[in-house]
1. Calculate, for SER111 and THR73, the FRET efficiency according to 1/(1 + (r/R0)^6) with r their C-beta to C-beta distance and R0 22 Å; round to the nearest 0.05.
2. Counting Lys and Arg as +1 and Asp and Glu as -1, each charge on the Cβ, what is the dipole of the stretch 30-117 about the Cα centre in debye, to the nearest 20?
3. Keeping the other protein chains in place, figure out the carbon and sulfur percent of the accessible area of the stretch 45-120, with a 1.4 Å probe.
4. How high is the relative contact order of the stretch 25-127, in percent, with contacts defined as C-alpha pairs under 8 Å that are six or more residues apart?
5. Go through the stretch 49-125 and name the GluC sites (Glu not before Pro) that are in a DSSP coil and have 16 or fewer other Cβ atoms within 10 Å of their Cβ.
6. Taking the Cα-to-Cβ direction at VAL58 and at ASP101 and moving 7 Å from each Cα, how far apart do the two end points lie in nm?
7. Need the full-extension length gain, THR33 to SER51, defined as separation in residues times 0.36 nm minus the C-alpha distance. One decimal, nm.
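The values are calculated or read from the model by the stated rules, or taken from the named source; none is laboratory data. Computed from a prediction, not measured in an experiment: that's the story for all the values here. Cβ: placed from backbone, ideal geometry, glycine included. Neighbour counts: every protein chain shown. These area figures cover heavy atoms from the full protein model, side chains too; ligands, DNA and RNA do not enter into them. Shrake-Rupley method; radii C 1.70, N 1.55, O 1.52, S 1.80 Å.
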Amino acid sequence: DNTIDGVPVEVFNTPSIIDDEGEVSSAIAVQTTNTKEVKGIFFTVQVGVYSNTLVPQVLKAFRELNSELVSSTQVRYTVGQFKTLAEAQNRRDDVQSTVSDAFVTAYENGSRITVGEALQRINQSGQ
């Protein structure tokens, strides 16, 4: 049984409805996009991997937040979905005022790839 007191466990692990104290709160609700569900190639700015499934307070300022469950206890957060490396680099420069070690990475059809692989595949497809 995957419930706690009859409530599905997923409800307790959803970063968008649970605050830092474990209370349901729509006032601080944070929507994230699951990177595994995004089709095509895009660049994004990684802002951290956290062991808590709740969205860290420092990341709540970012509206275009993506998340990826990388293990049963770790979530990778990125900001934005950009078609060009230049757009992602500009966003990284902005984000670094909040998260100093933010960096650009890339995804293709929900899987993380290197920036070099993304550029190569974009060039090959003529996009």
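1. Values: r = 21 Å, r/R0 = 0.94.
Efficiency at R0 = 22 Å is approximately 0.60.
2. 160 debye
3. Carbon and sulfur together cover 46 percent of it.
4. Relative contact order for the stretch 25-127 comes out at 35 percent.
5. For GluC sites (Glu not before Pro) across the stretch 49-125 that sit outside H, G, I, E and B with at most 16 neighbouring Cβ atoms in 10 Å, the list reads GLU64.
6. 0.9 nm
7. Working: separation 18, 0.36 × 18 = 6.48 nm, distance 1.81 nm.
Between THR33 and SER51, full extension yields 4.7 nm more.
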